[in-house]
Amino acid sequence: MGSNTEASSGHEGARKRRVVLIIEDDFSTRYSAAEYLREMGYRVIEAENSTEAISVLAAGRCVDVVFSDINMPGSLSGLAFGEWLAEFHPSVPLLLTSGAPQEAGSVATGKTHGFIAKPYDLDEVDRWIKAML
């Protein structure tokens, strides 16, 4: 097998097939992050908004980390979703992102475990997720 397969196996073993739920309304951003994390060995569940994400969690799907945009259409922003997650799934860490750097101050609520400004480096996302696990 080639080195990509070997590298993928190494990533997979290190991450033990942890599940990352990505909540992002922009398709291309969500797709890029999801594909990258899959290549790093994570299992990825994608949600376009917080309503879809809540449905995933309410259905009993096992999720190890949530990576969510702050500004999304729908009934709950990423911050409001963080409040919901802290109440109903307090053991699941939340990593937030936003294209508005001033949003970083509003995530210091104790409900969020990290913040990355957009545009973000996918390697940085991976480092944050590994640290949260």
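Just so it is clear, none of the values below were taken in a lab; they were calculated from the coordinates. Predicted model only: the values in this text are computed from it and were never measured. Ideal geometry is used to build each Cβ from the backbone, glycine not excepted, and the neighbour counts take in all protein chains shown.
If the chain between Phe27 and Lys118 were fully stretched, how many nm would it gain, using 0.36 nm times the residue separation less the Cα-Cα distance?
Taking Phe27 through Lys118 to full extension adds about 31.3 nm, to one decimal.
How much FRET efficiency would the formula 1/(1 + (r/R0)^6) give for Tyr36 and Ala80, where r is the Cβ-Cβ distance and R0 is 30 Å, rounded to 0.05?
0.70
So who's got an amide H within less than 5 Å of the one on Ile116, skipping anything under 5 residues away but keeping other chains? H placed 1.01 Å off N, in plane.
When sequence neighbours closer than 5 places are left aside, the close amide H contacts are Leu96, Thr97, Ser98.
Between Ala100 and Arg127, what's the calculated FRET efficiency when r is the beta-carbon distance and R0 is 25 Å? Round to 0.05.
Efficiency at R0 = 25 Å is approximately 0.70.
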